[in-house]
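Notes for the one structure printed next.
The values are calculated or read from the model by the stated rules, or taken from the named source; none is laboratory data. Because the structure is a prediction, the values reported are computed rather than measured. Because the Cβ atoms are built from the backbone with ideal geometry, glycine has one as well, and the counts that use them run over all protein chains shown. For accessibility, only protein heavy atoms count, side chains too; no ligands or nucleic acids. Shrake-Rupley method; radii C 1.70, N 1.55, O 1.52, S 1.80 Å.
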Amino acid sequence: MIFLDAAATTPVRREVLDAMWPYLSGEFGNPSSHHSLGESAAAALADARASVAAALGCRPGEVVFTSGGTEADNLAVKGIALARQAADPCLDRVLVSAVEHPAVEESARYLAKYHGFTVDVVAVDRDGLVSPEAFAAALRPGTAVASIMYANNEVGTVQPVAELAALARDRGIPLHTDAVQAAGWLPLDVRGLGVDALSISGHKLGAPKGCGALYVRSRTPLEPLVHGGGQERGRRSGTSNVAGAVGLATALSLVQTRQPEEAGRVTALRDAFIRAILSSVPGAELTGHPVHRLPSVASFCFPGTSGESVLLELERQGVVCSSGSACAAGSDEPSPVLTAMGVPAAVAQTAVRFSFDASVTREDLDAAARAAAAAVAGVRSLGTR
Ligand code: PLP
């Protein structure tokens, strides 16, 4: 099987599992316990926090461990908006882009439904980019928080986050960025980016599902969403997932060390793959920005097919990929990301995303391009019979 769905999830790396194993077995203590087992778990948690902080270029106290990217996004958007509104009731707007992951989009919708916020949505262009001018115009007085993803999960478009953060900062508005897909490929230095909050998720990087983190700049107001024993400095209660934190930290430092050489190599493979698809599949259209895109994502529409049928055919030929985001898979609705980019609904239904990690090879991608050409031709010929 050629697995080209790494944007959905990745297998746990051996080094990550080895680093986690002690905290799932002999060193199983609760870091809040005041005995030696607890202390050793607390030390491991502190080391993991320091390691994640080093990868993000922040202080350990600015890292909140979460159950993944979804929780980190929820905590950032709801937590910052609610805390800032509590201090100033005039702060009753949130700003998101039209291509956010549902974890951000639904958090904004929740704030509108239950807390009376107005949600402003900044449009994207045909390539899925948020323009700094459009973003600046959308940053209205009263905006409690803005959230613009670093890189899109369906089409791989990379936003000019540092430029957007500077615009938000000039207006005193905190900017959160969802870096779940960017992590491992793009610089995550939060000071360089100038963001106030940034989400990452372990299972996209070779750590298990169910671990992630939110960077929150110190002194950024943040209302916790999960109440209880006051772990994570009161920002996220619940017995700490020590092994998950260790796994996340290990996976993050492994992927950080591979940059930028790996990113350059994978970008060249991606571009060759894109060329192969565009030349061998009649009518194929690349989705997302041709240059400002993740090294690891090649996404297309194949008009005259259905994305789901092409996927089935590809899987029959041993290539596993996705018809869009894993979250929307199986849904009959056209992707909101593609429709926000101006792709007609009928064409958006034909979307296929190939995404890979650094282990991808030219042979795999050559085989996948041949399989895609055959799959699309097969689906089209069935449709015309
Ligand atoms: N944000 C983006 C951009 C994603 O791609 C994903 C997962 O697909 C998430 C958030 C959610 O992360 P998790 O699966 O860790 O909850």
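All conditions in (1) within 14 Å of the ligand (Cβ to nearest atom); (2) in a helix (DSSP H, G or I) hold for Leu37, with the sole exception of (1).
When each of Gly206, Gly202, Gly230 is tested for being closer than 21 Å to Ala50 by Cβ and touching a Lys or Arg at 6+ places or on another chain (Cβ under 6 Å), the lone residue that passes is Gly206. Considering the range 32-52, and only residues there that are open to solvent by less than 30 Å² (accessible area, probe 1.4 Å) and touching a residue at least 60 places away in the same chain (Cβ under 8 Å), the residue that is farthest from the chain's Cα centre (by Cα) turns out to be Ala41.
For Gly247, indicate whether it is modelled with pLDDT of 95 or more, within 16 Å of the ligand (Cβ to nearest atom) and in a helix (DSSP H, G or I). So Gly247 passes the test.
Yes or no, residue by residue, for (1) modelled with pLDDT under 95; (2) farther than 30 Å from Gly172 by Cβ; (3) open to solvent by less than 10 Å² (accessible area, probe 1.4 Å):
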{"residue": "Leu225", "(1), (2), (3)": "no, no, no"}
{"residue": "Leu252", "(1), (2), (3)": "no, yes, yes"}
{"residue": "Gln256", "(1), (2), (3)": "yes, yes, no"}
{"residue": "Ala263", "(1), (2), (3)": "yes, yes, no"}
{"residue": "Ile274", "(1), (2), (3)": "no, yes, no"}
{"residue": "Ile277", "(1), (2), (3)": "no, yes, yes"}
{"residue": "Val281", "(1), (2), (3)": "no, yes, yes"}
{"residue": "Phe300", "(1), (2), (3)": "no, yes, yes"}
{"residue": "Asp332", "(1), (2), (3)": "yes, yes, no"}
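Restricting Val64, Val12 to those that are more than 16 Å from the chain's Cα centre (by Cα), surrounded by fewer than 24 Cβ atoms within 10 Å (Cβ to Cβ), within 16 Å of the ligand (Cβ to nearest atom) and within 16 Å of Leu248 (Cβ to Cβ) reduces the list to Val12.
Condition test on Thr118, is it out of contact with any Ser or Thr (no Cβ under 7 Å at 6 or more places or on another chain) and within 16 Å of the ligand (Cβ to nearest atom)?
So Thr118 fails the test.
Scanning the range 177-227 for residues that are away from the ligand (no atom under 15 Å from the Cβ), small (Gly, Ala, Ser) and assigned to a loop (DSSP other than H, G, I, E, B) turns up Gly194, Ser218.
Taken as a whole, the structure places Leu91 among residues that are open to solvent by less than 40 Å² (accessible area, probe 1.4 Å), more than 17 Å from the chain's Cα centre (by Cα) and either more than 16 Å from the ligand (Cβ to nearest atom) or aliphatic (A, V, I, L, M) (or both).
When Val99 is tested against (1) open to solvent by 10 Å² or more (accessible area, probe 1.4 Å); (2) β-branched (Val, Ile, Thr); (3) within 14 Å of the ligand (Cβ to nearest atom), only condition (1) is not met. Going by the conditions given, is Val104 in contact (Cβ under 8 Å) with a residue 24 or more places away in the chain, within 16 Å of the ligand (Cβ to nearest atom), open to solvent by less than 60 Å² (accessible area, probe 1.4 Å) and part of a loop (DSSP other than H, G, I, E, B)? Answer is no for this residue.
Number of residues in the range 130-160 that are out of contact with any helix residue (DSSP H, G or I) (no Cβ under 9 Å at 6 or more places or on another chain) and away from the ligand (no atom under 16 Å from the Cβ): the value is 8. Filtered by the rule that a residue be within 17 Å of Leu338 (Cα to Cα), buried (at least 16 other Cβ atoms within 10 Å of the Cβ) and of a type in the set (Asp, Glu), the range 108-156 gives Asp127, Glu154. Out of curiosity, is Asn74 modelled with pLDDT of 95 or more, within 30 Å of Cys321 (Cβ to Cβ) and assigned by TED's automatic domain parsing to the domain that holds Gln159? It is true that Asn74 is modelled with pLDDT of 95 or more, within 30 Å of Cys321 (Cβ to Cβ) and assigned by TED's automatic domain parsing to the domain that holds Gln159. Select from the range 12-34 the residues that are over 18 Å from Gly238 (Cα atoms) and either among the basic types (Lys, Arg) or not in a helix (DSSP H, G or I) (or both) and list them in ascending order. Listed by number, the residues that qualify are Val12, Arg13, Arg14, Ser25, Gly26, Glu27.
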